[in-house]
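First the structure, in the form of structure tokens, and then the observations on it.
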Amino acid sequence: MADDAPGPVTVPGLLFLVAVPGLEAPLAAEAKAAGFAGVTVLPGGVEVTGGLPEAIRANRTLRCAVRVLWRVAAFRALHLAQLDKRARKLPWTEWLSPDHPVRVEAVCRGSRIYHHKAAAQRLAGAITAAGIPVSGPGSGDAAIPLKARIEDDLCTISIDTTGEPLHRRGHKSFVGKAPLRETMAAGFLWQMGFDGSQAVVDPMCGSGTIPMEAAEIAMGLVPGRSRDFAFAHLAGGGSEGPCPSRSPAYLEKDEGGARFFGFDRDDGAIRGARGNAERAGLSGICSFARQAVSDLAPPEGMAPGIVLTNPPYGARIGERKLLFAVYGALGATLRARFSGWQVGIITSDKGLAQATGLALEAVGPVDHSGTKVWLWRGRVA
């Protein structure tokens, strides 16, 4: 069949930073603050300019990103024969290593090529012909994911430079029930205006994600310091050296004692949170204690800061009728003792948020593992 469409075009330096749906704005703000260029907010994430070096830096340093996709090529393909022919013209060995297998995934939408499995097979054949091993669909995390999106007859090829999702920082071994992911905690802290200087209190902290994420931001700790990434297995991706533990601007910064506090009624959760903080190097700046919501009090000697929490809301934990009393007790305690503090409550249930009796505005929605949640935020009068 004639090769009658325009030839393949390599995309000149684009990355797509996948966001938690609903938290694209915090990720864009973080990328701009970190010096990435061409920051553009798109549905589901943020596009920036850059190649493999920028992908490595994004993986290691960005807290709100879920994963980093490196856009390597885009071309028109009207049928499978064209897809095969154009794919065979791409410089696969410039991006991929013959020492590490690739797993090809394809999605087809609104295109004349509509069979995603057939599209993936053609791409896999082109990659194999270039001397790069290709694994089957059941290869799991051992292979580097290569993603093809064929939409309106345009095939865009991206390499997943991340591997395991970026919320897996690498130093948390204890995870509680229905946990808040670190990427979400970072985004919600941004929405609360956290800049590292305020005290943060979580009255229902579970495994300690919110206080720990706040502490790491305050100390300038690099989120990717304790884990491995898929980019190390790409061509040229294994020569970047070890990941620094802290960003240069914070290397001489003093911790100044505990400023980030987590409480929970579950003694097992508190033990787990303490262990997580110790493994992350945060024991000196984070404090965890077993305590009921009604006993909550502001840390002594500290200016009003931020109360941010992800309480049960009946979707996965807790019975909704019983939770009204919990939210009511939280609101009463905050009104009585936390004047001047900012409050953020993450919940999917408007009625439960209103049960606090606090004047809160809803920001969202955000996709929390398939459940739409909102950040209900305000300031205690």
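Report note on the peptides 204-213, 65-74: ranked by the mean count of other C-beta atoms within 10 Å, highest first, their order is 204-213, 65-74. The protection proxy used here, the mean number of other Cβ atoms lying within 10 Å of each residue, ranks peptides 344-357, 326-339 as follows, highest first: 344-357, 326-339. The accessible surface of the range 294-381, taken with every protein chain in place and a 1.4 Å probe, is 52 percent carbon and sulfur. Only lysine pairs 8 or more places apart, or on different chains, with alpha-carbon atoms under 27 angstrom apart are counted in the chain, and they number 17.
For the range 290-381, averaging the sequence separation of C-alpha pairs within contact (under 8 Å, six or more residues apart) and dividing by the residue count gives a relative contact order of 30 percent.
Looking at the range 263-381, the DSSP beta bridges with both ends there are about 65 percent antiparallel.
Look at where the Cα atoms of the range 157-176 and of the range 40-82 average out, and the two centres are 16 Å apart. The protection proxy used here, the mean number of other Cβ atoms lying within 10 Å of each residue, ranks peptides 288-299, 222-233 as follows, highest first: 222-233, 288-299. Against the main long axis of the alpha-carbon atoms of the chain, helix 320-337 sits at an angle near 60°. Taking 0.36 nm per residue of sequence separation and removing the Cα-Cα distance, the residue 279/residue 173 pair yields an extension gain of 37.3 nm. Our estimate of slack between residue 290 and residue 25, defined as 0.36 nm per intervening residue step minus the Cα-Cα distance, is 92.0 nm. Between residue 93 and residue 336, the simple label model (points 7 Å from Cα in the Cβ direction) yields a spacing of 7.3 nm. Expressed as a whole percent, the proportion of Cα-Cα pairs in the chain lying more than 41 Å apart is 22%. For the chain, the solvent-accessible area with a 1.4 angstrom probe is 43 square angstrom per residue. Residues whose amide H lies under 5 Å from that of residue 104, counting only those 5 or more places away or on a different chain, are 135, 146; hydrogens are built 1.01 Å from N in the peptide plane. Loop-resident GluC sites (Glu not before Pro) (DSSP state other than H, G, I, E or B) in the range 289-381 with no more than 10 further Cβ atoms inside 10 Å of their Cβ: 300, 319. When DSSP beta bridges are restricted to pairs lying wholly in the chain, around 65% turn out antiparallel.
Note on the range 179-245 and the range 360-381: Cα centroid distance 21 Å, given to the nearest whole angstrom. Measuring nothing but protein heavy atoms, the accessible surface of the range 24-164 at 1.4 Å probe radius is 53 percent carbon and sulfur.
The values are calculated or read from the model by the stated rules, or taken from the named source; none is laboratory data. Since this is a predicted model, take the numbers as computed values, not measurements. Cβ coordinates were reconstructed from backbone atoms using ideal geometry, including for glycine residues, and neighbour counts include every protein chain displayed. When the accessible area is computed, the model is the full protein with side chains, heavy atoms only, and any ligands, DNA or RNA have been set aside. Shrake-Rupley method; radii C 1.70, N 1.55, O 1.52, S 1.80 Å.
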